[in-house]
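Peer 1: The following block contains the structure, expressed as structure tokens.
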Amino acid sequence: MSAPRSQSLPIYPADRLRAVDGANSGDPLSFAAELILDDSYALEGDAGPARLALLAHPDGSFTIAPDTAVGTPGHRVHLDSALTFMSNDGQTADAILLVEVDATGHATGVNLHPFTALAPKTEYRLVGIDLSDAARKFAQLACVSFTRGTHITLATGAQRRVEDLVAGDRVLTRDAGVQPLRWIGQSTQRATGDFAPIRIAAGVLNNAEDLLVSPDHRLFIYQRSDRVGAGRAELLIKARHLLNGTTITKAEGGFVDYFQLLFDRHQIIYAEGIAAESTLIDSRTKLALPDDLMHLLSESAACHDSARANEFDVSENLLRRADIAEILRMASTR
């Protein structure tokens, strides 16, 4: 199995979220055991979230990665709970409470990983504390996803909307021909901030229609000439690294229905004509799968969590050009 890749999360240190009303008034956000429903919290200051880099390990544990912006590399991180807040306008905001623990087992930090951006100086009332489902919700966020309405290419060449697919459908893959779809996951999230889907306008990467995918969804590009400077022809590029504000943008607002497609092996499939990856089973995403699919993990996890699944990743530094989308389109055709 390949070494774990670091995953960067937007977080707010707990001391930036203080109770402004309720039993814990004046106190910072803390462990679930110390929280009380109906207390209201507000984010202090105008700065955005910090970035916490995590490594997910095969035993299901998490540690802070060396490239983190906050926290101490090597410390373990415990998923304390899943919290739900409600703003004064009735909008809900879900989040995961993360506790940093040192080598002696002492908590050294508490951080909130929100599923949607939090507005400063806005009151959020705590309306839900879930101690049992934090791991599954955290895993869902790491699953690459297609949005409702995305056309997937089947074995026959026919195009079918992702929400109309069923387990057993035969899907065309780039490297393994026709493969049966084993599982389809679905989740609904607020389309804001780091969780808003990325829209790739029709034609930008030779796609027939607009393609909307989750921000960390990786697209496969085959370069006929190495215009990017990656030193290889085959590339996997995260959608969020292609944002240019014009033809590749965040589709923010409202809610988004995300769909995850799982095969026996990690595959490259076709969505709106673009080659894109299927769900990759790794130490974090496997927690999003239903219990009755655990046998699939034992049979095929090695095929998913392999070095090949990640060896074609492209550094964000190579993609920091305003015309990167055009460069990739040209590289794939000439």
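The values are calculated or read from the model by the stated rules, or taken from the named source; none is laboratory data. Nothing here was measured: the structure is a model prediction, and the numbers come from that model. Positions of Cβ are generated from backbone atoms using ideal geometry, with glycine treated the same way; all protein chains shown enter the neighbour counts. SASA here: full protein model, heavy atoms, side chains in, ligands and nucleic acids out. Shrake-Rupley method; radii C 1.70, N 1.55, O 1.52, S 1.80 Å.
Each row is one residue, and each column tells you yes or no for (1) small (G, A, S); (2) over 22 Å from A50 (Cβ atoms); (3) at pLDDT 95 or above.
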{"site": "L97", "(1), (2), (3)": "no, no, yes"}
{"site": "D102", "(1), (2), (3)": "no, no, yes"}
{"site": "D133", "(1), (2), (3)": "no, yes, no"}
{"site": "G149", "(1), (2), (3)": "yes, yes, yes"}
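Peer 1: Does the range 283-300 contain any residue that is hydroxyl-bearing (S, T, Y) and either buried (at least 18 other Cβ atoms within 10 Å of the Cβ) or at pLDDT 80 or above (or both)?
Peer 2: Yes, the range 283-300 contains at least one residue that is hydroxyl-bearing (S, T, Y) and either buried (at least 18 other Cβ atoms within 10 Å of the Cβ) or at pLDDT 80 or above (or both).
Let's see how each residue does on (1) part of a loop (DSSP other than H, G, I, E, B); (2) among the charged types (D, E, K, R); (3) farther than 21 Å from A53 by Cα:
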residue: H113; (1), (2), (3): no, no, no
residue: Y124; (1), (2), (3): no, no, yes
residue: T153; (1), (2), (3): no, no, yes
residue: T156; (1), (2), (3): yes, no, yes
residue: V166; (1), (2), (3): yes, no, yes
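Peer 1: Then there's this: Do the conditions hold for V144, that is, is it β-branched (V, I, T), in contact (Cβ under 8 Å) with a residue 40 or more places away in the chain, part of a strand (DSSP E or B) and surrounded by 13 or more Cβ atoms within 10 Å (Cβ to Cβ)?
Peer 2: No, not satisfied.
Peer 1: Looking at R190, R227, which is the one that is open to solvent by 30 Å² or more (accessible area, probe 1.4 Å), basic (K, R), modelled with pLDDT under 90 and more than 17 Å from S145 (Cα to Cα)? Steps first, answer last, please.
Peer 2: Working: R190 fails: more than 17 Å from S145 (Cα to Cα).
So the residue among R190, R227 that is open to solvent by 30 Å² or more (accessible area, probe 1.4 Å), basic (K, R), modelled with pLDDT under 90 and more than 17 Å from S145 (Cα to Cα) is R227.
Peer 1: Of all residues in the range 236-252, how many are open to solvent by 60 Å² or more (accessible area, probe 1.4 Å) and over 22 Å from A142 (Cβ atoms)?
Peer 2: Result for the range 236-252: 2.
Peer 1: Kindly check whether there is at least one residue in the range 163-184 that is in contact with a Gly (Cβ under 8 Å, 6 or more places away or on another chain), crowded, with 16+ Cβ neighbours inside 10 Å and closer than 30 Å to A93 by Cα.
Peer 2: Looking for residues that are in contact with a Gly (Cβ under 8 Å, 6 or more places away or on another chain), crowded, with 16+ Cβ neighbours inside 10 Å and closer than 30 Å to A93 by Cα, one finds none in the range 163-184, hence no.
Peer 1: Taking F259 as the residue in question, decide whether it is in contact (Cβ under 8 Å) with a residue 60 or more places away in the chain and out of contact with any Leu (no Cβ under 7 Å at 6 or more places or on another chain).
Peer 2: yes
Peer 1: Still on this structure, I have one more. What are the residues in the range 87-111 that are within 24 Å of P197 (Cβ to Cβ) and either more than 18 Å from the chain's Cα centre (by Cα) or assigned to a loop (DSSP other than H, G, I, E, B) (or both), if any?
Peer 2: Result: S87, D89, G90, Q91, T92.
Peer 1: I've got another one for you. Within the range 195-205, track down each residue that is surrounded by fewer than 19 Cβ atoms within 10 Å (Cβ to Cβ) and on the phi < 0 side of the Ramachandran plot.
Peer 2: Correct list: A201, A202.
Peer 1: Do you know which residues across the range 312-334 are open to solvent by 60 Å² or more (accessible area, probe 1.4 Å), within 23 Å of the chain's Cα centre (by Cα) and acidic (D, E)?
Peer 2: Once the filter is applied, which keeps residues that are open to solvent by 60 Å² or more (accessible area, probe 1.4 Å), within 23 Å of the chain's Cα centre (by Cα) and acidic (D, E), the range 312-334 yields only E316.
Peer 1: So A119 ticks every box in (1) surrounded by fewer than 16 Cβ atoms within 10 Å (Cβ to Cβ); (2) within 16 Å of L43 (Cβ to Cβ); (3) modelled with pLDDT of 90 or more but one. Which box is left unticked?
Peer 2: For A119, the failing item is (3).
Peer 1: Now for a different question. Can you name the number of the only condition in (1) touching a residue at least 60 places away in the same chain (Cβ under 8 Å); (2) within 24 Å of G193 (Cα to Cα); (3) within 27 Å of the chain's Cα centre (by Cα) that S40 fails?
Peer 2: (3)
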